1. Which order results if B:34, B:101 are arranged by neighbouring Cβ count within 10 Å, fewest first?
2. Each residue of segment A:175-189 in order: what ³J(HN,Hα) in whole Hz does its phi give by Karplus 6.51 cos²θ - 1.76 cosθ + 1.60, θ = phi - 60°, with x for Gly and Pro?
3. Could you sort out which of B:221/B:250; A:71/B:154; A:160/B:31; A:101/A:160; A:26/A:101 sit more than 23 Å apart by Cα distance in this structure?
4. Each residue of segment A:26-43 in order: what ³J(HN,Hα) in whole Hz does its phi give by Karplus 6.51 cos²θ - 1.76 cosθ + 1.60, θ = phi - 60°, with x for Gly and Pro?
5. For segment A:3-256, calculate the relative contact order in percent as a whole number, restricting contacts to Cα pairs under 8 Å that are 6 or more residues apart.
6. With a 10 Å Cβ neighbour count serving as the proxy for reagent exposure, in which order, fewest first, do B:38, A:23, B:203 appear?
7. Across peptide B:160-173, what mean number of C-beta atoms from other chains lies inside 10 Å of a residue's C-beta?
8. What does the convex hull of the Cα atoms come to per residue for segment B:176-230, in Å³?
Amino acid sequence: MARILIGTSGYSYTEWVGPVYPEGTKPEMFLGTYATLFPTVELNFSYYRMPGVQQMHAMLCQAPAVNFSMKAHESLTHTVDPSSWRSHAQEFLAAASVLQKAGSLGAVLLQFPYSFHYDPDRRRYLDSLIGSLAELPLAVEFRNGQWYNNRTIEALRERKIPLVSLDLPEIPGSPPMMDVSTSPLAYVRLHGRNKETWWGSDAASRYDYLYSDRELETLAERIRGLAVAAQLVLVYFNNHRRGQAARNAKALQRLLGVGEHCHGT
Amino acid sequence: MERERAEIIHINVTDFAAAVAVCTEPMLARKAFIIAKEGSSRPVVISVSPNARDEGIHVGMPVATAIRMLPSVTIIHPDSSACAKADAALHEIASHYCPTIQSDSGGHLFLDMQGTSRLFGPPVDCAVRIRNRIHERLGMDIAVAVASNKLVAKVGTRAIRPSGIAQVNGGEEAAFLARQEVGLLPGVGPAIGRLLSVAGFSEIGQVANLDDQQALALLGKRAIALRNAARGIDASIVDPRRMDCRRIVKRVDFAEPAHDRDAIRAAVISVAEDAGLAMRQELMACMVIHIVLFWADGATSEGLYRARTPMVLDEEVMRGAWSAMERAMSRRVRIRAFTISLQELSPARREPDLFTPEGPTREERLQQAVDATRRRFGSVALTHAAAVFHA
């Protein structure tokens, strides 16, 4: 049976003070406090701001027992400049290597937007990007359904890279629900099921969702299914508004009987 | 009737016979082995283990080739009894969640989940549970897909196999199929696959984009059925009857009672093509063709043709149908109507072509190859065995 680690996408939310973190928790204490709650976290600041080596060392000091996953910087997935992406990849690699050398890197998430179509140029780019970051454990998430085909799955299997399993609202144009084993690592992202606010609203509204107990039971079954072929399953709740991700993550831990005893620094 | 919601589940156990062997003997899980009938003159691989598949061995390959590729490969005799038990166990697990199950044997089941969501939640939740229960009880890690019809669900399991789960939302069928490899589309067998490959078609979406005229020009008169399949259109139902009770029946009513042999033969060929198409859409083969004649004076008669090997292709079905018709035509009376029934259905061993593409016949292709060889190596290089004997 695989090791299952459950956490949230991001940890630095001031609105979590109260519902998740004790009242009076200062921002610089967020990560240390988070480490007492969950064994893994998906860092999403690394998408908006290129992470630095020193910064990663500091995070490691604050939470040495936490398994970190990092969302790749937008210059590698959303705003790719053919002339400069390779240097950005090297910069990102250097920062991620800090966690990897410490044995604290779960995966680097390459999340591609809806506009990233399944065409020859983008397939070549993806192959090059994977090659540039080959030293790191990678996971790939596509928001465009065109990528969910047998050739993508076979290509990821050959490279032993997980295709991220998603939970999203069932709306036209969204990718199909697909849990496939392409690597010893399985990576799950749970975005909530806000049909009404998924398109055309801000991120806060989009991810303002609390999974019901029944929905969590089904998600637990999906994760058990992924655990059959994987050695490690990383699960992140991205419905972060008002601390709902943390609440759901705790409930899922209980359902799966994992990660109840976490210790910070 | 077309549905909008994803309520059909397809369960697909890849390399079923090998998966059953591992269930029976778990130590095999780490071994490279093949399932093949020993003792036959030229045995072929019936099923392969994952480790053997990784070495490039595949179903249909001669066993001798498999051994050359992997001398350490273990050969296991097929165990039809264990496979039947495993099929029954799959059916039993699925029956906890769904009353309407079509069991196609060989590890293939279709479930119609319509009307079950109040009891069990959304169909995809049931699919997840069924997959896990099958793993817990039988140790099989299988592929499961949920879609609005059988065809799309089947392509879904083929896209993710050997294991995993996928759901294609209602309305997204054509978009999901568009980027899948064309070989995943039911009905694309060796002949159509070659034809599409020569035409530069690699994805199902390229077939879907053909208009009627283009499809007919490329693939002939039956092309529309394949084009519609590529668009994710499938109105077939989940048939819960046992395989040996299922039939494909077509009927012909003549406008005027017929007695002209050529006209009757033309009708038989036409309806046999229709029945064959319906059978291959279900990826089935048949052993028996049954014809019932309705004479103009109100009497009926019957004719039966039983094949030695399963009939799949148009040519086989048409030949069998005409043979059954000749047996039924015992009187000198006009014929008002007749029915043709394809019986004793079983899953086709390999992916059958949905129809036989128009083009050179097998004999014509053979003749072309013989001529090419003679042109290259001289007329004595290749000749009939009878001629050699005479010499």
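1. Details: B:34 29, B:101 20.
If I rank by nearby Cβ atoms, fewest first, I get B:101, B:34.
2. x, x, 5, 8, 10, 10, 8, 10, 6, x, 9, 10, 9, 10, 10
3. Correct reply: A:71/B:154; A:26/A:101.
4. Along segment A:26-43, the couplings run 7, x, 6, 9, 4, 5, x, 5, 4, 5, 7, 9, 9, x, 9, 9, 9, 6 Hz.
5. 21
6. Details: B:38 10, A:23 6, B:203 21.
Starting with the residue having the fewest Cβ neighbours, the order is A:23, B:38, B:203.
7. Working: counts 11, 3, 3, 6, 11, 9, 7, 5, 5, 9, 2, 3, 7, 0.
The per-residue average across the peptide is 6.
8. So the per-residue hull volume is 67 Å³.
Every number in this text was worked out from the coordinates using simple rules, so none of it is lab data. Here the structure is a predicted model, which is why all the values come from computation and not from measurement. FYI the Cβ positions are ideal-geometry reconstructions off the backbone, even for glycines, and counts take in every protein chain you see.
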